[in-house]
Amino acid sequence: MASRTMKVIGMMSGTSADGIDAALVEIAGAPPALRAKLAGHFHAAFRPFVRERILRLANGAATTAAEISELNFLLGEELASAALAACRKWAIAPQDVDLIGSHGQTIFHQGAKAKHQGTLRIPSTLQIGDISVLAARTGVTTVGDFRPADMAAGGQGAPLIPFTDYLLYGDSARGRVALNIGGIANVTVIPARAKPEDVFAFDTGPGNMIVDALVERTTRGSAAFDRDARIALSGRTIPELLVRLMREPYLRQKPPKSTGREGFGESYAQDLLAWGKRHFASPADLIRTATIFTPMSIADAFRRFILPKTHVEELIVAGGGAHNPLMMAQLAASLPDVEVVPASRFGVPPEAKEAFGFALLAYESYHGRPGNLPSATGAKHPVVLGKIARVRGGESRGRN
């Protein structure tokens, strides 16, 4: 067990690929007495050409091994630059950081076997952003590539943030659900007085991914997302389309389950645009309907999989979708008996939570302790997550 506080930087680049979030977290102890405090948050936007390359690969465009290899190292450099910029903002020297935990950038994730164009695909996942480059440029031991260990143990490799949710939000009296609305929306269900094995989690379906793709397409790249839901609020909901969207088979699939761009990415948005063209729907109407679809699919997951087995009093919301007023209003209206509260009420702002989570996971991995919750991922047993890139041939200064 670590006897002193370690400074750990957690880094996250999500499925929206809008940039890199870094969180400086001061951590000590070990579960169940682990103590963690957010000491700083930093966001670095991707340069347009980097984001374009990420999205092109993540959306399944034809590529080569050379392109994936090059982007892996390029993102390692991008992550290192973001970590060093964050240190400058926080006025700390990189050598005073004990550890970095980097999720990397997902370009493919398939948590379960599935048929694609008649071919059976086995579960696999790929996050890029080489941690050896990140460790070398910063001089800080780095943990990354968290998901494969869980998948090797029979899990879906996602979601991994439930470990953090359990530590942050577990309560002796209140049943809570932690919701993150990133590119994909995911929930962690934490019953009152829950033990780790009582927690379950899954991806509910789309978060901001479809809306972002529609905005980018219909504005010809002049906007990457619908700030304050301005476009959506200028349109009207299309009932016929919303009914069609709510028939999405993934919504009926039982947990554990996970999804990503392979389910709700570019091709999904293209199908919506084609539908809109056939039915003379305006871009604003399509964007509003897709915006409403996200909270309605989340509420549907509550009714199908959560409320029948767990009494829930609070829904704690994080991620970019927490800043979308239309999504939040629809979510509150769809779940009238559940109090919707921002993650910031618990000391971690919505935009920092996933980076905060990967700092905790890196800390646990570094000390040889499991970081997955099998009840969330479907793994056969707990496993130590990630791989470690050490620096200067020895232990980080923080190891005890």
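Things worth noting here:
- Among residues of the range 186-209 that are touching a residue at least 12 places away in the same chain (Cβ under 8 Å), those with a beta-carbon under 7 Å from a residue that is part of a strand (DSSP E or B) and open to solvent by 20 Å² or more (accessible area, probe 1.4 Å) at least six positions away or on a different chain give the pairs 189/200; 190/176; 201/186; 202/186; 203/186; 204/186.
- Filtering the range 179-207 to residues that are within 22 Å of residue 106 (Cα to Cα) and either open to solvent by 20 Å² or more (accessible area, probe 1.4 Å) or touching an Asp or Glu at 6+ places or on another chain (Cβ under 6 Å) (or both) leaves 184, 186, 188.
- Of the residues making up the range 1-37, just one is surrounded by fewer than 24 Cβ atoms within 10 Å (Cβ to Cβ), among the acidic types (Asp, Glu) and outside any loop (DSSP other than H, G, I, E, B), namely 26.
- Checked against the criterion of being free of Cβ contacts under 8 Å to residues at least 60 places away in the same chain, out of contact with any Cys (no Cβ under 9 Å at 6 or more places or on another chain), at negative phi and open to solvent by less than 10 Å² (accessible area, probe 1.4 Å), the range 306-325 contains not a single residue that satisfies it.
- Pairing residues of the range 174-185 that are over 21 Å from residue 311 (Cα atoms) with residues that are of a type in the set (Asp, Glu) and part of a strand (DSSP E or B), at Cβ distances under 9 Å and at least 6 apart in sequence or on separate chains, gives 184/203.
- Just one of the listed residues (346, 302) is in contact with a Phe, Trp or Tyr (Cβ under 8 Å, 6 or more places away or on another chain) and among the aromatic types (Phe, Trp, Tyr), and it is 346.
- Filtered residues of the range 150-195 (kept if farther than 19 Å from residue 31 by Cβ, of a type in the set (Lys, Arg) and part of a strand (DSSP E or B)): none
- Filter pass, residue 171 being of a type in the set (Asp, Glu) and more than 19 Å from the chain's Cα centre (by Cα): yes
- Taken together, the residues in the range 293-305 that are in contact with a Ser or Thr (Cβ under 7 Å, 6 or more places away or on another chain) and either open to solvent by less than 10 Å² (accessible area, probe 1.4 Å) or hydroxyl-bearing (Ser, Thr, Tyr) (or both) amount to 5.
- Some residue of the range 344-365 being β-branched (Val, Ile, Thr) and open to solvent by 10 Å² or more (accessible area, probe 1.4 Å): no
- Test result for residue 313, farther than 25 Å from residue 123 by Cα and in contact with an Asp or Glu (Cβ under 6 Å, 6 or more places away or on another chain): no
- Test: residue in the range 314-337 that is of a type in the set (Ser, Thr, Tyr) and over 25 Å from residue 235 (Cβ atoms): no
- Residue, least open to solvent (accessible area, probe 1.4 Å), within the range 245-257, restricted to residues that are more than 19 Å from residue 122 (Cα to Cα) and without any contact (Cβ under 8 Å) to a residue 12 or more places away in the chain: 249
- Residues in the range 258-291 that are within 26 Å of the chain's Cα centre (by Cα), among the charged types (D, E, K, R) and surrounded by fewer than 20 Cβ atoms within 10 Å (Cβ to Cβ): 262, 266, 271.
The values are calculated or read from the model by the stated rules, or taken from the named source; none is laboratory data. These numbers were taken from a predicted model, which means no experiment stands behind them. Heads up, the Cβs are rebuilt from the backbone with ideal geometry, glycines too, and the neighbour counts pull from every protein chain shown. To get the accessible areas, we keep the full protein, side chains included, count just its heavy atoms, and leave off ligands, DNA and RNA. Shrake-Rupley method; radii C 1.70, N 1.55, O 1.52, S 1.80 Å.
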